[in-house]
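*Asks:* Here's a structure for you.
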Amino acid sequence: MSQPDDTDFSPYEGPAGGWGSLKSVSHILVEEGDIARAGVALLKQNKPDGFMCVSCAWAKPAEPRAAEFCENGAKATAWELTTRTVTPAFFEAHTVTELRTWADHDLENAGRLTEPMRYDRASDRYVRTTWEEAFTEIGRTLAPIDPKASVFYASGRASLETSYMWSLFARQFGCNNLPDSSNMCHESTSVALPKSIGVPVGTVTLDDFEKTDCILFFGQNVGVNSPRMLHQLQAAAKRRVPIITFNPLKERGLERFTNPQSPVEMTTGQDTRISSQYHQLKAGGDVAVMMGLAKAILAIDAADTATGGEPVLDRAFIAEHTAGFEHFAAKAKATSWERIEAVSGLSRSALERAAAVYARSKAVILIYGMGLTQHRTGVENVQMACNLLFLRGNIGRPGAGICPVRGHSNVQGQRTVGISEKPDLVPMDKLKALYNFEPPMETGLNTVEACEGIIDGGVKAFLALGGNFLTAVPETARMQEAWERLDLTVQIATKLNRNHLYNGRVAYLLPCRGRIEIDRQATGPQIVTMEDSTACIHASHGIAEPIADTLRSEPAIVAGLAKATLGERTTIPWDDWVADYGRVRDAIEATYPEQFRDFNGRMGQAGGFHRPLPARDRVWNTPTGKATFATPKSLDENPDAPATAPDVLQLITVRSNDQFNTTIYGYDDRFRGIKGTRKVLLIGAFEMARLGLQDGDTIALETAVDDGIRRTVEGLTVVRYDVPMGCCAGYYPECNPLIPLWHHAEESKVPAAKSVPVRIHRMEAATA
Ligand SMILES: Nc1nc2c(c(=O)[nH]1)N[C@H]1C(S)=C(S)[C@@H](COP(=O)(O)OP(=O)(O)OC[C@H]3O[C@@H](n4cnc5c(=O)[nH]c(N)nc54)[C@H](O)[C@@H]3O)O[C@H]1N2
Ligand SMILES: Nc1nc2c(c(=O)[nH]1)N[C@H]1C(S)=C(S)[C@@H](COP(=O)(O)OP(=O)(O)OC[C@H]3O[C@@H](n4cnc5c(=O)[nH]c(N)nc54)[C@H](O)[C@@H]3O)O[C@H]1N2
Ligand SMILES: [Mo]
């Protein structure tokens, strides 16, 4: 099956959730074959005795609903538990070159990988191999490669146990080259929060949602990417908690929600409005917005105190707990409204209206996602969010705090257990003491640096624990070309994707069990664990029979690779760990005794166990020892880019409702009213008129930077959509070829996928 011919663009009138969501779930259950396999599984999703959803990382409540899953979680379950398989016969029938002509959807939709495969360049096919042969040849190829020239990528789905083993494999081999999907995602958070509040993760737990009296919501598409959070938001909205949203696009889940699990709401068509104020700022305007909010709050405070009223600033908190306030406040006062309005695209009065609500609220949560982190100013954006919360002491008290919404289901946890290219974030002395080796102390490569190394030839070997690196990163065309020069590529995966169609000199595709499947080892079925967005750690039990008995678990594959590569050198009891994952958890506890106290004992706790976060108790492990205000250098998204020409728009790349990252479930984006295609450019009526575009025109986008490289994406259909002036939007990963590798957040190196300067070229006028 390839992309359907019938496309349709008409606004969606329904709420998020509701009947549309049930229809979408039942469609995919039928499509994927065995309803029983996925259908029964759904009842165990996100339950203490069940498995943790393989979709997003949102918190799992201690008292789950009868069905504690959402539309997109159900799709992810059905996708993993499909009965279709990609066997050696499949690869005999299709060359790799032929498979490159398939759409991303069709590659994954072909089913689950079943046997270890080796790429054979002569026949341009993957050929069947055995696990032992695969491990032996990979080990033999990797062992002589300079550890500094090898990369150990991890996508954020692998469990804490697998991730801990993966990081030890890399370190015993001799490098800290451990980039992960977080480098394209919340790394801006992981860099900003330690400076601002002394912990790398959010401070909010589910309880706080019950106590908050105001929510600020920046750049996260809750209805699509973390739909279970709609329950907390709906409950808050019903308590009349104001929810103030800043997002260039009108996202349906942020507007209205019908709870598909409420019979009353479903039969009466009742929906709850979510956002009380919705501000469509310009892409990249967030520093300006938050500067405007701070400026307005300072003004309210000055006016109130002048008339003998209650101060709006939490002066006691600022004096006792913070550093850098004076400098920040001076900057806010000195920044003109004119400049704030120009950069944010919002009016002074709109920002004052939002500030007035914030100023009256006693406990405020600030939620954010990729709309803040994936910008040149990604780190400053997150620091500004903290500044705003500090003004009224909104960190370290019930109902308040900062809430980054993480992506992959264990991406936060991978960092916690040592997947990091930064040696200072890992207790190397502990690793040295526990395993009696010299851990590498040189900073490793993150995602962007790994890409640079692949392009310039410095990287020779690339091993991937899941994910679809080559499709998720920027600069797709140059990356694909450079990829084939690698000496060794190894992919551990559940399903076939485009990255697997680009191979190094020696290349292997190793199929693993999914988290929902039962993982039997020498001591019986194993449990794995993960950390959610609110720093709670949960056990996950596989419940479905594995799709093939030739699959191995991720820990077993990592152990196999490590033993074959390190040989006598390794001091880790890999086989004992694979026999009993409880022993890996003991090792994690020995490495991080405070975070993982009584790990095996507590992992089954309903709602997960919360790891200690000093910032929640107002203990600040920052360089200043205080919660630290950071003053941004500029309000501008692209401080170092040349002044943009009038025909240049900022392209926002987003996810549809029918995808999980590069996994494309289908071609509909229900909430945005787009059916049957992903090759679209969303653009506002004003810009369409200005640029002479009509609905249905076919266009090409070209990146508007002057670095000697031409980057284009062709064949996009123009769709009129409510997008602010100066901006346009398209889908990830289709638009990734447009993102220059150097176009990333300055400190965190997260690709700036939410603001890519582009020009539009008309290819064909609409026929209708
Ligand atoms: N179903 C589903 N669930 C997912 C995923 C998925 O693909 N599908 N992906 C998972 C992963 S890995 C992640 S990281 C998360 C991603 O979840 P999100 O953080 O929601 O990511 P995006 O969909 O990329 O878009 C974020 C939002 O930012 C807005 N935005 C764009 N530019 C700006 C800006 O300059 N300022 C502001 N304020 N807003 C802006 C966009 O309009 C969009 O609504 O979801 C996770 N969950
Ligand atoms: N333009 C643009 N680019 C982006 C983004 C954006 O918003 N815009 N978002 C970025 C973000 S936030 C992220 S997180 C990255 C995502 O980057 P990745 O995490 O690398 O990509 P995914 O699409 O999540 O990976 C999907 C593949 O994972 C494999 N897989 C699925 N389940 C398992 C499992 O249990 N085990 C193993 N071993 N493999 C499994 C399957 O083979 C599947 O094809 O993309 C980034 N790229
Ligand atoms: Mo992500």
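*Asks:* Note down all Cβ pairs under 6 Å where the first residue falls in segment 164-186 and is closer than 19 Å to Q412 by Cβ, the second is polar (S, T, N, Q) and within 10 Å of ligand 2 (Cβ to nearest atom), and they're at least six residues apart or on different chains.
*Replies:* Close Cβ pairs satisfying both conditions: P179/T447; S181/S155; N183/T447; M184/T447; H186/T373.
*Asks:* If only one of K495, K460 is more than 16 Å from ligand 3 (Cβ to nearest atom), under 26 Å from N109 (Cα atoms) and not assigned by TED's automatic domain parsing to the domain that holds E734, which one is it?
*Replies:* None of the other options fit; the residue is K495.
*Asks:* If the requirement is being closer than 14 Å to V151 by Cα and surrounded by fewer than 20 Cβ atoms within 10 Å (Cβ to Cβ), which of these qualifies: E452, E421?
*Replies:* It is E452.
*Asks:* Take E589 and decide whether it is out of contact with any helix residue (DSSP H, G or I) (no Cβ under 8 Å at 6 or more places or on another chain), free of Cβ contacts under 8 Å to residues at least 24 places away in the same chain, under 19 Å from Y164 (Cβ atoms) and open to solvent by 40 Å² or more (accessible area, probe 1.4 Å).
*Replies:* Here the answer is no, as E589 does not meet what is asked.
*Asks:* Still on this structure, please answer the following. Just to be sure, is T101 open to solvent by less than 10 Å² (accessible area, probe 1.4 Å), farther than 19 Å from P227 by Cα and either without any contact (Cβ under 8 Å) to a residue 12 or more places away in the chain or assigned to a loop (DSSP other than H, G, I, E, B) (or both)?
*Replies:* Spelling it out, it is not the case that T101 is open to solvent by less than 10 Å² (accessible area, probe 1.4 Å), farther than 19 Å from P227 by Cα and either without any contact (Cβ under 8 Å) to a residue 12 or more places away in the chain or assigned to a loop (DSSP other than H, G, I, E, B) (or both).
*Asks:* Moving to a separate point now. Out of segment 460-492, which residues are open to solvent by 10 Å² or more (accessible area, probe 1.4 Å) and touching a Leu at 6+ places or on another chain (Cβ under 7 Å)?
*Replies:* Answer for segment 460-492, where residues must be open to solvent by 10 Å² or more (accessible area, probe 1.4 Å) and touching a Leu at 6+ places or on another chain (Cβ under 7 Å): K460, Q480.
*Asks:* Something else about it: Of the conditions (1) within 16 Å of ligand 2 (Cβ to nearest atom); (2) in the same structural domain as A556 (by TED's automatic domain parsing); (3) surrounded by fewer than 24 Cβ atoms within 10 Å (Cβ to Cβ), N247 clears all except one; give me its number.
*Replies:* Result: N247 fails condition (2) only.
*Asks:* Then there's this: Do we find a residue being open to solvent by 10 Å² or more (accessible area, probe 1.4 Å), more than 11 Å from ligand 2 (Cβ to nearest atom) and closer than 30 Å to L366 by Cβ anywhere in segment 524-536?
*Replies:* yes
*Asks:* Would you mention how many residues in segment 540-570 are farther than 20 Å from F51 by Cβ, polar (S, T, N, Q) and surrounded by 22 or more Cβ atoms within 10 Å (Cβ to Cβ)?
*Replies:* 1
*Asks:* Take the residues in segment 178-219 that are small (G, A, S) and in contact with a Pro (Cβ under 8 Å, 6 or more places away or on another chain), then tell me which one is nearest to ligand 2 (Cβ to nearest atom).
*Replies:* Checking each candidate, the answer is S190.
*Asks:* Condition first: charged (D, E, K, R) and closer than 22 Å to G285 by Cβ. Now tell me which residues in segment 724-748 satisfy that.
*Replies:* Matches in segment 724-748: E746, E747.
*Asks:* Is it the case that S262 is open to solvent by less than 50 Å² (accessible area, probe 1.4 Å) and either over 23 Å from T377 (Cα atoms) or assigned by TED's automatic domain parsing to the domain that holds I683 (or both)?
*Replies:* Yes: the conditions hold for S262.
*Asks:* Can you pull out the residues in segment 70-90 that are modelled with pLDDT under 95, buried (at least 19 other Cβ atoms within 10 Å of the Cβ) and not in a helix (DSSP H, G or I)?
*Replies:* Scanning segment 70-90 gives C70, L81, T82.
*Asks:* Taking G457 as the residue in question, decide whether it is touching a residue at least 60 places away in the same chain (Cβ under 8 Å), more than 23 Å from M52 (Cβ to Cβ) and more than 23 Å from the chain's Cα centre (by Cα).
*Replies:* Spelling it out, it is not the case that G457 is touching a residue at least 60 places away in the same chain (Cβ under 8 Å), more than 23 Å from M52 (Cβ to Cβ) and more than 23 Å from the chain's Cα centre (by Cα).
*Asks:* May I pose another question? Please determine whether any residue of segment 645-653 is in contact with a Pro (Cβ under 6 Å, 6 or more places away or on another chain), modelled with pLDDT of 90 or more and surrounded by fewer than 21 Cβ atoms within 10 Å (Cβ to Cβ).
*Replies:* The answer is yes; a qualifying residue exists.
*Asks:* Looking for whichever is small (G, A, S), touching an Asp or Glu at 6+ places or on another chain (Cβ under 7 Å) and open to solvent by less than 20 Å² (accessible area, probe 1.4 Å) here; the options are G223, G253, G202, G198. Which one fits?
*Replies:* G223
*Asks:* Taking segment 53-79, which residues are under 16 Å from N259 (Cα atoms) and basic (K, R)?
*Replies:* R65
*Asks:* Related question: Of all the residues that make up segment 175-191, how many are over 12 Å from T447 (Cβ atoms), buried (at least 24 other Cβ atoms within 10 Å of the Cβ) and away from ligand 3 (no atom under 16 Å from the Cβ)?
*Replies:* Matching residues across segment 175-191 total 1.
*Asks:* Would you mind telling me which numbered condition in (1) away from ligand 1 (no atom under 16 Å from the Cβ); (2) in contact with a Phe, Trp or Tyr (Cβ under 9 Å, 6 or more places away or on another chain); (3) modelled with pLDDT of 95 or more I683 fails?
*Replies:* (1)
*Asks:* So, one more: Scan segment 183-190 and give yes if some residue there is at pLDDT 95 or above, within 16 Å of ligand 1 (Cβ to nearest atom), farther than 21 Å from V750 by Cβ and outside any helix (DSSP H, G or I), otherwise no.
*Replies:* Within segment 183-190 (the criterion being at pLDDT 95 or above, within 16 Å of ligand 1 (Cβ to nearest atom), farther than 21 Å from V750 by Cβ and outside any helix (DSSP H, G or I)), the answer is no, since none of the residues qualifies.
*Asks:* Go through (1) open to solvent by 60 Å² or more (accessible area, probe 1.4 Å); (2) more than 27 Å from V287 (Cα to Cα) one by one and return the number of the condition T624 breaks.
*Replies:* For T624, the failing item is (2).
*Asks:* Across segment 753-768, which residue is surrounded by the fewest Cβ atoms within 10 Å (Cβ to Cβ) among those that are over 13 Å from T447 (Cβ atoms) and within 12 Å of ligand 2 (Cβ to nearest atom)?
*Replies:* S755
*Asks:* Return the only residue of A154, A93, A149, A110 being more than 13 Å from ligand 2 (Cβ to nearest atom) and either open to solvent by 40 Å² or more (accessible area, probe 1.4 Å) or under 22 Å from E554 (Cβ atoms) (or both).
*Replies:* A93
The values are calculated or read from the model by the stated rules, or taken from the named source; none is laboratory data. Everything numeric here is computed off the predicted structure, so don't read it as measured data. In this analysis, Cβ positions are derived from the backbone assuming ideal geometry, glycine residues included, and neighbour counts consider all displayed protein chains. Quick note on the areas: whole protein, heavy atoms, side chains included, nothing else; ligands and nucleic acids left out. Shrake-Rupley method; radii C 1.70, N 1.55, O 1.52, S 1.80 Å.
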